[in-house]
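Note sheet for the following structure.
The values are calculated or read from the model by the stated rules, or taken from the named source; none is laboratory data. Because the structure is predicted, anything quoted here is derived from the model rather than measured. Counting neighbours? That spans all protein chains shown, and the Cβs are built from the backbone with ideal geometry, glycine included. For accessibility, only protein heavy atoms count, side chains too; no ligands or nucleic acids. Shrake-Rupley method; radii C 1.70, N 1.55, O 1.52, S 1.80 Å.
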Amino acid sequence: MIATDIKYHLGFGPRQLGEEPPTLALLCGDPERTRAIALETAGVHCEQTLSTRRGLHSYLISLDSGKRLIAATSGMGAPSLSIVVNELVDLGIRQIIRVGTCGSIQEDVKVGSLVISRAALCRQGAAQDIAPVEYPAAANPFLTLALVEAAEHLAFPWHLGVTASVDTFYEGQERTASSANKQLLRHLQGVTEEYRRLNILNYEMEAGTLFKMAGVYGFAAACICGVLADRTSSEAVVESQKQAAVDGAIQVALRAAASLDSRYLQPAYLR
């Protein structure tokens, strides 16, 4: 499908993107994080606000190198992300880096560090509308390597591994102390320890569906998350370290975006 009109949910179309539209997007769940990338980050120049429709803030930005990209908002969770990603791809986006936050479930993955997902355990209903349950939720290896190299260059503490992508913040991540619902379904009781034994690093709520969409649609996707909660000891977000973790994820994603080798992001490498 060729996009010829303003996208219903995103609120912008190809005309706003210019004669040489960007092919890469940084995607955040939180519109304030998207705004911070576009308007408050050194080395980033906001060319225009594309839309703030439905709280899905989107900006056309450029880096000091002249590279142009979109900073977009997915909203919380996989259903909203699936809509935004569908419309971004229809507008010509071929690489998406999710810049998010997460909770660690491994003792060595500390609050303030970064998790780069190489794949996801995908327990998300939206993904089942896109591909079978058995379809792999795997990140693009070249985008993922770019994130690893950027984190190493910038000397941020980072971890590479498998992420648990779930639909809910409370029940799905086995939160009870901070939840209004104290009664977990049986299959969720003990799920965090089960995932820990499977060497899963963290919980978040979007990457699994993003990775499956990438495989089906034929684009490259990767995910980096700042760790805000240590789920081995508490359900709480550590507010004192939140901003540093978010800033680290943003800086790494921007450096990775600037350094991407486009040779490895051609259609032949995306199947």
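Expressed as a rounded percentage, what relative contact order does region 50-143 have, with Cα pairs under 8 Å and six or more residues apart? Mind showing how you got there, number by number?
On the way: 60 pairs, mean separation 15.9, N = 94.
For region 50-143, the relative contact order is 17 percent.
With the convex hull built on the Cα atoms of region 1-99, state its orientation-averaged projected area in nm².
The directionally averaged projection comes out at 5.7 nm².
Carbon-plus-sulfur fraction of the accessible area of the chain, 1.4 Å probe, in percent?
51
Considering amide H positions built from the backbone, and no H for Pro or chain starts, which residues 5 or more places from residue 113, or on another chain, come under 5 Å of its amide H?
Here 227 satisfy the definition.
To the nearest whole percent, what portion of all C-alpha pairs in region 77-180 is separated by more than 18 angstrom?
Percentage above 18 Å: 58.
Per the chain: cysteines with no other Cys C-beta under 4.7 angstrom?
28, 46, 122, 223
Could you tell me whether region 176-238 comes out rounded, prolate or oblate from its Cα gyration tensor? Rule is a ≥ b ≥ c as square roots of the eigenvalues, rounded for a/c under 1.5, then prolate if a/b exceeds b/c, otherwise oblate.
prolate
Amide H of residue 96 versus every other amide H placed in the peptide plane: which residues, excluding those fewer than 5 positions away on the same chain, fall under 5 Å?
25, 220, 221, 222
In degrees from 0 to 90, rounded to the nearest 10, what is the angle of the helix 141-153 Cα long axis to the longest principal axis of the chain?
Relative to the chain, helix 141-153 is tipped by roughly 80 degrees.
Keeping every protein chain present and rolling a 1.4 Å probe, give me the accessible area per residue for region 104-143 in Å².
47
By how many degrees, between 0 and 90 and to the nearest 10, does the Cα long axis of helix 207-217 differ from the longest principal axis of the chain?
The answer is roughly 40 degrees.
Calculated from the structure, log10 I(q)/I(0) by the Debye sum over Cα atoms at q = 0.07, 0.08, 0.10 Å⁻¹ equals which of (1) -0.22, -0.29, -0.46; (2) -0.25, -0.33, -0.53; (3) -0.33, -0.43, -0.66?
Given (1) -0.22, -0.29, -0.46; (2) -0.25, -0.33, -0.53; (3) -0.33, -0.43, -0.66, the structure-derived one carries the label (1).
What percent do you get for the relative contact order of the chain when only Cα pairs under 8 Å and 6+ apart count?
Once divided by the residue count of the chain, the mean separation gives 23 percent.
With an 8 Å Cα cut-off and a minimum separation of 6 or more residues, compute the relative contact order for region 30-77 in percent.
The normalised contact order for region 30-77 reaches 37 percent.
Can you compute 3J(HN,Hα) from phi for each residue in region 114-128, using the Karplus curve 6.51 cos²θ - 1.76 cosθ + 1.60 with θ = phi - 60°, rounded to whole Hz and x for Gly and Pro?
In residue order, the calculated couplings are 10, 10, 9, 8, 8, 6, 9, 6, 9, 10, 9, x, 4, 5, 6 Hz.
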